[in-house]
2 protein chains.
Amino acid sequence: MTRAQDGFAVEAAGALPNPSAVGLVAVIVAATDGEPRALTVRVPGQATGRETGLPAGPLVPEHPTLERGLRAWVERQTQQRLGYVEQLYTFGDRDRQGDDSGGLHSLSVAYLALVREMRSAALAEASWHNWYAFLPWEDWRAGRPATLDGIEAKLLAWAAGASDPKVGRRREDRLGLTFGIGGGAWNEERVLERYELLFEAGLIPEAQGQAGEARVADIATTGRPMAFDHRRVLATAIGRLRGKIKYRPVVFELMPPTFTLFQLQRTVEALSGANLHKQNFRRLVAQQGLVEETDEVTSGAAGRPARLVRFRREVLLERPAPGFRLTPSRRSS
Amino acid sequence: MTRAQDGFAVEAAGALPNPSAVGLVAVIVAATDGEPRALTVRVPGQATGRETGLPAGPLVPEHPTLERGLRAWVERQTQQRLGYVEQLYTFGDRDRQGDDSGGLHSLSVAYLALVREMRSAALAEASWHNWYAFLPWEDWRAGRPATLDGIEAKLLAWAAGASDPKVGRRREDRLGLTFGIGGGAWNEERVLERYELLFEAGLIPEAQGQAGEARVADIATTGRPMAFDHRRVLATAIGRLRGKIKYRPVVFELMPPTFTLFQLQRTVEALSGANLHKQNFRRLVAQQGLVEETDEVTSGAAGRPARLVRFRREVLLERPAPGFRLTPSRRSS
DNA sequence: TCATTTATGCTCAATCTGAGCATTGTGCCG
DNA sequence: CGGCACAATGCTCAGATTGAGCATAAATGA
């Protein structure tokens, strides 16, 4: 069925030459105590011993769809029920893969999953990490991250160090767009673009396959490395999630059955990396009808008890499916 | 390097078992005379002779990235310069692929490309089609598409025909969400969900591999079929594009160097399938600073001549990168 | 009891949106 | 040549949404 015709190589999707190695990678996200967490595993490292990486596995031909395959595979191996699952991106970068298995083009199909509990942390080799450990510049909840000073300096040097001045100017433009250097605003969704920029600028040890050799000083500024190019996958996931919570009620996949509005806000803030105006946040949630009150209230903690609410499942049937608009406030720390 | 450990199959992305056949599919979009078009080719059909399909080809291991590979491949074969290229989705559905090449899992990585001209229509076997020929229910510019009457009736019958009443209710919910049946609103972004629903309901001939045998009556209501599952890919592309134009200035990839505001509006309307309020549209474009005036005006046509404008490339460097908010008006036909 | 802390209610100005009316240039038709 | 039809363009206005803050309520703990 393979056939080239008149300049078009028209191929049946089912019968192609050049078989490739295809893997699945999962970014499994939870939010506990107002911190965003990703499930990681220890993998055999490229350079040194063992490194932190994302759960990954082979594409299993037994399953009818990619997503169902991933779901079954992860749920079986982590005892973790996956609620929301969404395909993220397919990575096929040759020189960015860990290693090239001789001629086979290798692809990784990445998925984002949102889960409620963290029981599987009990599993050996698997553990939850605050995702900002890997991308520390993305957390603005306590104000501008200190690490950005060092990063900006290095990025500016990188831009200035371009041989062609035109290239240098383009680099500076990108610095403005992504990191807001030079009067630009910080757009919390551009997580991947920021990571890519750091990668290109040589600030990411994974770029040279040296994830295992990152110096402590580097980790302090550019974060903890991951095996292969998994930080890129994580960056993709965070960016996607930050965008999605604005127009789809996906945060609730991360919440327990009942919760307070402030817990909800903390979770949204954890994901977006920015603080929100409290009163306006509740107004938004109320207006959209995202939650309904229970007759329980919290107790024990300091301050006035908060009413517990639950997600109104019906909103999934209402249009347009709402989410959260993120409007940062000046509250910090 | 393949290794299972403690419940996690941890695999280096580059060394996986089960090689798969991987293909690339491209949805190449242009907009001419206010109509949205997709580039199609004639492919050897599954059942009957030759069918319409999307340009597709094998993954070429020579290229450093998937996107660069696709770009080079399409540009060479269609003489069509691809401006904007974006990865859409990776399809791996087993039973939805055209045919299964014995044991190999087959994937299609789909891309969306926006182009300006349509020269390659000159190529034999390749031609441009109004994309609503394939998804006629998606075009609301002349009011509610007539085809929806027939579709709704069949969908309601499908929901009512569920053996389990619970399943039936869930189907009805989905009808409301996607097609707005039962008091719901039409959300122009849910193109894929609508297609999937029709597919499940058995209204899409491709579902049984009968794309080539669709009856004329069916084509009138559920649109022209495509080879394999390419209509699903097209639906994905349209949905994505409709979402994207709202927050990124991507429409300009489809416009000639200079154009009138109304031409721009027509293009946005063509993509979104809905009409917009003219004065508000210009206000939006002006406010956002998306275009700058040239000193030329149109002439020859009826009515007052319009000023020609051009896209302000600088907006790509301004934050947050703006797009179009789509607010339908009552103007129709 | 009072200070502290958090939850919750409410106000207000600025801006944004959706809708429509009015005016301005052109080509075209008697 | 005057007037008409037709788009383009300018402008207004009420209602809704946003961003920010003040005020009050209901707990805990010294």
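The values are calculated or read from the model by the stated rules, or taken from the named source; none is laboratory data. All values derive from a computational prediction rather than experimental measurement. Every residue, glycine as well, gets a Cβ built from its backbone with ideal geometry; the counts of neighbours run over all protein chains shown. We work out accessible area using only protein heavy atoms, side chains counted, and drop any ligands, DNA or RNA first. Shrake-Rupley method; radii C 1.70, N 1.55, O 1.52, S 1.80 Å.
Heavy-atom accessible area buried between chains B and A is around 6300 Å² (1.4 Å probe, both sides summed). Take residue A:65, move 7 Å from Cα toward the beta carbon, and the resulting point lies 2.8 nm from the same point in each other copy, nearest first. Take the alpha carbon gyration tensor of segment A:254-317, find the square roots of its eigenvalues, order them as a ≥ b ≥ c, and report rounded if a/c is under 1.5; if not, report prolate when a/b exceeds b/c, else oblate. Verdict is oblate for segment A:254-317.
Accessible surface area normalised per residue over segment B:143-223 is 48 Å², counting heavy atoms of protein chains with a 1.4 Å rolling probe.
With each label modelled as a point 7 angstrom along the Cα→C-beta vector, the residue B:117-residue A:292 pair spans 6.0 nm.
Listed by chain and number, the lysines whose C-alpha is less than 20 Å from the C-alpha of residue A:246, apart from same-chain residues fewer than 8 away, are A:278, B:244, B:246. Under the simplified labelling scheme, the residue A:301-residue B:153 pair shows an inter-label distance of 5.7 nm, with each label point 7 Å from Cα along Cα→Cβ. Considering only B:146, B:177, B:165, the residue lying farthest towards the positive end of the dipole of segment B:143-223 is B:165, judged by Cα position with unit charges set on Cβ. For residue A:166, the lysines whose Cα comes closer than 28 Å to its Cα, not counting residues fewer than 8 places off in the same chain, are A:154.
Per residue of A:304-317, what is the mean number of Cβ atoms on other protein chains within 10 angstrom of that residue's Cβ?
On the way: counts 0, 0, 0, 0, 0, 0, 0, 0, 0, 0, 1, 0, 2, 7.
Neighbouring Cβ atoms belonging to other protein chains average 1 per residue here.
Label point of residue B:283 (7 Å along Cα→beta-carbon): distances to the other copies' equivalent points are 2.2 nm, sorted ascending.
Work out the mean other chain Cβ neighbour count within 10 Å for the residues of B:106-113 and drop it here as an integer.
Details: counts 8, 9, 4, 4, 2, 0, 0, 0.
Across the residues of B:106-113, the mean count of other-chain Cβ atoms within 10 Å is 3.
Averaged over the residues of B:81-92, the number of partner chain Cβ atoms lying within 10 Å of the residue Cβ comes to 3.
The residue among B:265, B:251, B:289 whose Cα reaches farthest toward the positive pole of the charge dipole of segment B:249-317, with charges on the beta-carbon of Lys, Arg, Asp and Glu, is B:265.
Shown for residue A:193: label points 7 Å from Cα along the beta-carbon vector, and their distances to the equivalent points in the other copies, 2.8 nm in ascending order.
Can you compute the FRET efficiency between residue A:318 and residue B:215 using 1/(1 + (r/R0)^6), with r the Cβ-Cβ distance and R0 = 45 Å? Round to the nearest 0.05. Write out the running numbers ahead of the final one.
Values: r = 37 Å, r/R0 = 0.82.
So the FRET efficiency works out to roughly 0.75.
The alpha carbons of segment B:185-270 occupy a box of 45, 24, 23 Å along the principal axes, longest dimension given first. Assuming a ≥ b ≥ c are the square roots of the Cα gyration tensor eigenvalues, decide whether segment B:130-288 counts as rounded (a/c under 1.5), prolate (otherwise, with a/b larger than b/c) or oblate. Prolate.
For segment A:254-317, what is the charge dipole size about the Cα centre, in debye to the nearest 20, if Lys and Arg each add +1 at the Cβ and Asp and Glu each add -1 at the Cβ? Intermediate results must be reported in sequence, preceding the final value.
On the way: 9 positive and 6 negative charges, 37 e Å.
Approximately 180 debye in magnitude.
Measuring nothing but how far apart in sequence close Cα pairs (under 8 Å, 6+ apart) lie, relative to its length, segment B:143-223 scores a relative contact order of 27 percent.
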